[in-house]
Amino acid sequence: LTQAYKWCKEIGIETRGSIMLGHPFETKKTIEETINFSKKLDLYHAYVNITTPYPGSELYRLAKEGYGGLKLLTDDWSEYRRFGNSVLEMNDIKTTDLESAQKRFYKTFYFRPHILWHNLKRAGLKAAIIYGIAFFRSIYSPTKSKDN
C-alpha cells in the first residue's frame, strides 16, 4: 500500500485517504498505530471518520451484539455523525477518546509544513484563509462530554 502511494506521487496523482477510528476490536494502541501509519503514506488529504453503525447495516447488528468489544450507546439517529461525535464505545475506548483522537489526527496531519504548503498552492491564499478558519474552528472546538 505504501508503495502505491509513492508511485502516485511520482507521477503527479494527488492522493487521498479515508480512515476509520472505532472499529470492532479497536484499542487505544490500534488508534495510535492507524494514525502513525497514515502519516507515513504520501497522502495530501485525509478524511478521518468515527465509525458509525447506521441502523440496518451489518455493523449496526454487530454493535448491538457487542461484537469485538463494541457498545452501542444510542438509537437516536440525530446523534449519528462521523465527525466530532461517537455513538459507540469499545474495549478501552470511550466516546471522548475517539473524538479527541479524530481531532488530534487532523491537527497533526494537516499542520505539517509540506501539507500546509500543498494546500496553500492548490487553493490560493484567499480560499486557504477561509478554509483554514473553518478548519481551525472545527478542530479546536471543545469535545463535548457525554457525562454532563
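Collect residues whose amide H, placed 1.01 Å from N in the peptide plane, falls under 5 Å from the amide H of Y47; neighbours closer than 5 in sequence don't count.
G17, S18, I19
At 7 Å along Cα-to-Cβ for each site, give me the label-to-label distance between F37 and E58 in nm.
Modelled inter-label distance: 1.9 nm.
With runs of 4+ DSSP H residues as the only contributors, calculate the mean residue ellipticity of the chain at 222 nm using -39,500 (n - 2.57) per run, divided by the residue total and rounded to the nearest 500. Kindly include the intermediate steps, with their values, before the conclusion.
Numbers: 6 runs with 73 residues, N = 148.
Computed mean residue ellipticity for the chain: -15500 deg cm²/dmol.
Could you give me the ³J(HN,Hα) list for segment 84-98, computed from phi with Karplus coefficients 6.51, -1.76, 1.60 and θ = phi - 60°, whole Hz, x at Gly and Pro?
Taking θ as phi minus 60°, the curve returns x, 7, 10, 9, 10, 10, 7, 6, 9, 10, 9, 4, 5, 5, 5 Hz for segment 84-98.
At a temperature of 25 °C and a viscosity of 0.890 mPa s, determine how fast segment 10-86 diffuses translationally according to Stokes-Einstein, using the Kirkwood radius over alpha-carbon pairs as Rh; express D in µm²/s, rounded to the nearest whole number. Working shown, then result.
Numbers: Rh = 14.0 Å.
Using the Kirkwood radius from Cα pairs, D works out to 175 µm²/s.
Of S38, V87, N49, which is farthest on the positive side of the dipole of segment 12-148, counting Cα position, with +1 on Lys and Arg Cβ, -1 on Asp and Glu Cβ, and the Cα centre as origin?
Result: S38, furthest along the dipole toward the positive end.
Tabulate in residue order the Karplus-calculated ³J(HN,Hα) for segment 102-108, using 6.51 cos²θ - 1.76 cosθ + 1.60 with θ = phi - 60°, rounded to whole Hz; enter x for Gly and Pro.
Along segment 102-108, the couplings run 4, 5, 4, 4, 4, 4, 6 Hz.
Less than 12 Å Cβ to Cβ from F136, Lys/Arg counted +1 and Asp/Glu -1: what total charge do the surrounding residues give? Don't jump to the answer; show the numbers that get you there.
On the way: positive: K103, K107, R137; negative: none.
With Lys, Arg at +1 and Asp, Glu at -1, the neighbours total +3.
Along the Cα→Cβ direction, 7 angstrom out, place labels at K71 and I139. What is the inter-label distance in nm?
Result: 3.1 nm between the two label points.
Toward the positive end of the charge dipole of segment 1-125, about the Cα centre and with charges on Cβ (Lys, Arg +1; Asp, Glu -1), which of W117, H23, W7 goes farthest?
Sorting the options by dipole projection puts first W117.
Under a cut-off of 28 Å between alpha-carbon atoms, report the lysines in cross-link reach of K94, not counting same-chain residues fewer than 8 places apart.
Those lysines meeting the cut-off are K28, K29, K39, K40, K64, K71, K103, K107, K144, K146.
Quick one: what are the phi-derived ³J(HN,Hα) couplings along segment 49-57, Karplus 6.51/-1.76/1.60 with θ = phi - 60°, whole Hz, x for glycine and proline?
Values per residue, Gly and Pro as x: 10, 7, 3, 10, x, 5, x, x, 8 Hz.
Sorted by mean Cβ packing within 10 Å, highest first, what order do the peptides 99-108, 59-68 take?
Details: 99-108: 17.9, 59-68: 15.0.
Final packing ranking: 99-108, 59-68.
Once fully extended, how much extra length lies between E10 and I130, figured as 0.36 nm per residue of separation less the alpha-carbon to alpha-carbon distance? Can you show the working numbers first?
Numbers: separation 120, 0.36 × 120 = 43.20 nm, distance 3.00 nm.
Between E10 and I130, full extension yields an extra 40.2 nm.
Along its three principal axes, how long is segment 63-148 when you only count alpha carbons? Whole Å, largest extent first please.
In descending order, the Cα extents are 48, 23, 20 Å.
The numbers here are math on the coordinates, done by the rules we state, and not lab data. If you're wondering where the values come from, they're calculated on a predicted model, not measured in any experiment. When we count neighbours, we look across all protein chains shown, and the Cβ atoms used for this are built from the backbone with ideal geometry, even at glycine.
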